[in-house]
Every structure is written in C-alpha cells, then in structure tokens.
1. Expressed as a whole number of Å, what is the distance separating the alpha-carbon centroids of region 226-301 and region 121-139?
2. Under 20 Å Cα to Cα from Lys268, which lysines show up? Leave out anything in the same chain fewer than 8 places away.
3. What's the extension gain from Ser170 to Asn103 if we count 0.36 nm per residue and subtract their Cα-Cα distance?
4. Can you compute the modelled spin-label distance between Ala124 and Asn362, with each label point 7 Å from Cα toward Cβ, in nm?
5. Can you give the extra length, in nm with one decimal, that the chain gains between Asp313 and Ala221 once fully stretched, where that is 0.36 nm per residue apart less the Cα-Cα distance?
6. Relative to the Cα centre, what is the charge dipole magnitude of the chain, using +1 at the beta carbon of each Lys and Arg, -1 at the beta carbon of each Asp and Glu, and rounding to the nearest 20 debye?
7. Quick one: compute the contact order of the chain, relative version, from alpha carbon pairs under 8 angstrom and 6+ residues apart, as a percent.
8. Do any GluC sites (Glu not before Pro) in region 122-229 lie in a loop, going by DSSP, with at most 16 other beta-carbon atoms within 10 Å of their beta carbon, and if so which?
Amino acid sequence: MALSRISLTQFRNHPQTGLEDTRRFNLLVGENGAGKTNVLEALSLFAPGRGLRRAALNEIAQSNAAGGFAVGASLAQADGGEPVRLATLVEPHRPGRRLVRVNGAEASAVSLGEWLSIFWLTPAMDRLFTDSAGARRRFMDRMALALDPAHARHAARYEGALRERNRLLSDDSPPDPAWLDGVEAQLAEHGSALAQGRARLITAISEELAILPEEPFARPALRIISGGPIEQSALAVALRENRRQDRGAGRTLVGPHRDELEVIMAGKGLPAATCSTGEQKAMLIAITLAHAGLAARGRPSLLLLDEVAAHLDPLRRETLFERLRESGAQVWLTGTELAPFEAITHEAAVWRVDGGKLERLNQTI
C-alpha cells in the first residue's frame, strides 16, 4: 500500500474527512458534486506542483476556514518500518503560501517527489490532443516527474531563468551582455536537463507501449518535436545567436519551452487530434497504463483516475483493471455508481461520498 490514514481538513467541501484501511484499489462513489474529485485533488497535492486542477491556493480552502486547509497521510515503507507522515497545508495567516511537512519537519514541495510517485487522469484531460502545446508539455513533465523527482527542480529553474531572459529582452535599453550570459548559462543547463528528461520519458513509454497488446486500447506512437538543441553547449550557442531575433519578438524563441508532443494512432497512422473522441480516450489510457507500469518500479506509486471506467465497455474495463492490478500502483477511482467496478469491489476499499462526507461501504478484509 502507498497511502493510509488520510485526512482532509477544511478542504473544498470536506470540513473533516478521514480514510482508513486503504487497499490496492480504492473506490469513491457518489453523485456529481458530492466531493469525490476533491479527495483525488487532495491526494494530488502530495506531488510537487498545483495538483490535478491546477487551482490557486485560495480556491481550495473552505470559505469559513479563513484561507487555511490541511491534507495528511501516512506513507507505508517497503521495509516494514514506521510509516512516514506526510502533510501539505496552508495556514490562515499565510493564505498564499503552501507548506509541506515530513514527519513533522518542514520540507519543500519539490521534495515530495522523492517519497511518492503520483499521476492522474481526469475528464479535463480528454481534450489533451486538441489542447495547446503547453498542455502537452505539462503532461510530459508530470509523467517525467513521476519517474524522476529532479525533473521538478530543472523545470522550476528553467522557468525562472526564462522569465528573467524575456524581461531583459523586452526592456527598452539593451541588456547587459554579461548578465544575459549568466541567465543563458542557467537556461542551457536546466533546459538541457529538462529536454533530456522528456526524451528519456518518451523512449521509456514507447518501449513499454511496444510490449503491450494492441487491443483493446489503441496503441499510440509518441515523438517529441524539439524546440531547440538538447545538448547543453549547443543550446547555449543557439540562445546567444538568437538574441537579436528574440529581442525583436520580445521573448525567447528557442528552447524546451517550445517542445511539442506528437501522438499518432499507430494502427491508422493518423494524428491523435484527428481521431475520434473514443480513440483519443483509448490512447490516453494506454499511455497512462504504460506510465503506471514504469512509475511503480521505483518509489511508492499512486494513480488517480477520475471518472475513467464509466465510459468504457465491459472488455476495456476488465482490461483496465487487470493492467492496473499488474502495475503495482495504489489506485484511486471515482464513479457515480458501483456497477462499472463490479469486477474489483471484492478487493477494493469502497466509500460513498455525499456532501463532503464519506461512508465506508465494505468491511475490512
């Protein structure tokens, strides 16, 4: 098991919610708006970043909580040692600052990735292949982070250096060349690491997809269209040589922030964006399953699946559950009714969610 003894305090519509006796499969069942996805969002905050909704902190706390909320959980250790207690919270007197604690000691949000690998699939992600290139880059980076915690640090430092370079380029007066050299050195260092992390991710996902059956989920082919050189010295040269053009544009036109993820439906050779919504959903699930198998080979792994099973036919649901079982991840699923999960309810922990309150529907095994 990955997480147990989970608590939500003043989180969305959950004034005080606790979950005990978690299992490999964990089901949250209830009507739309009951608070199921809010539980998944709370769990997603045990990863670096802004969680599965990418919400601002002031949107998460209950209105009567003065801007504060808390999420806690115990992380089981593979060696059977004492569980690690993880917590992420916002204090009412500091509503814009997210805090992280590990066994009571303050830690950084980035450090959460060293303890737990988390990935999610939500209905909003169904439009990934027709969304912006930025959305697909975030998708890649979330997968890469789940495999390599250092990816978050490189992404954060690259974004910081990119903002600084863009600011310098957009100033009315020409930037100090020495200062620009220093900023570009950071961009090249962390941009190269970022691009290489994405490349390793896509190679690993592609190898995993190649050994999975082509049916019943459509097999996608993945490729990165690079926004610039991957090697550090070559990226540094490209940034330097592009200064005049970038200054004219007022922004940086070369680098991994321009990367694009290309997805092709292998059986038909069609771009994912032109495929049917059902085919797009199947490819997204195939990518998620391939990634889940990779992520669970390292740190404890958590997979959050929001309303995924309801729109699948029985064969695809059965295959989904079997592959999730094989992945080794702890899986959290939501749905409006139990029927789609009939094949796994005997091995799952099941809660009914209603108005931010949870009721356990099955007994401890």
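1. Each part's Cα centre sits 12 Å from the other's.
2. Partners within reach: Lys281.
3. Numbers: separation 67, 0.36 × 67 = 24.12 nm, distance 4.50 nm.
Length gained between Ser170 and Asn103: 19.6 nm.
4. Modelled inter-label distance: 3.0 nm.
5. So the extension gain works out to 30.8 nm.
6. I would put it at about 560 debye.
7. Contact order relative to length: 24 percent.
8. Hits after loop and neighbour filter: Glu214.
Here, each number is a calculation from the coordinates, and none is a lab measurement. Worth saying up front: this structure is predicted, and the values here are computed from it rather than measured. With ideal geometry, Cβ positions are generated from the backbone for all residues, glycine too; neighbour counts draw on all protein chains shown.
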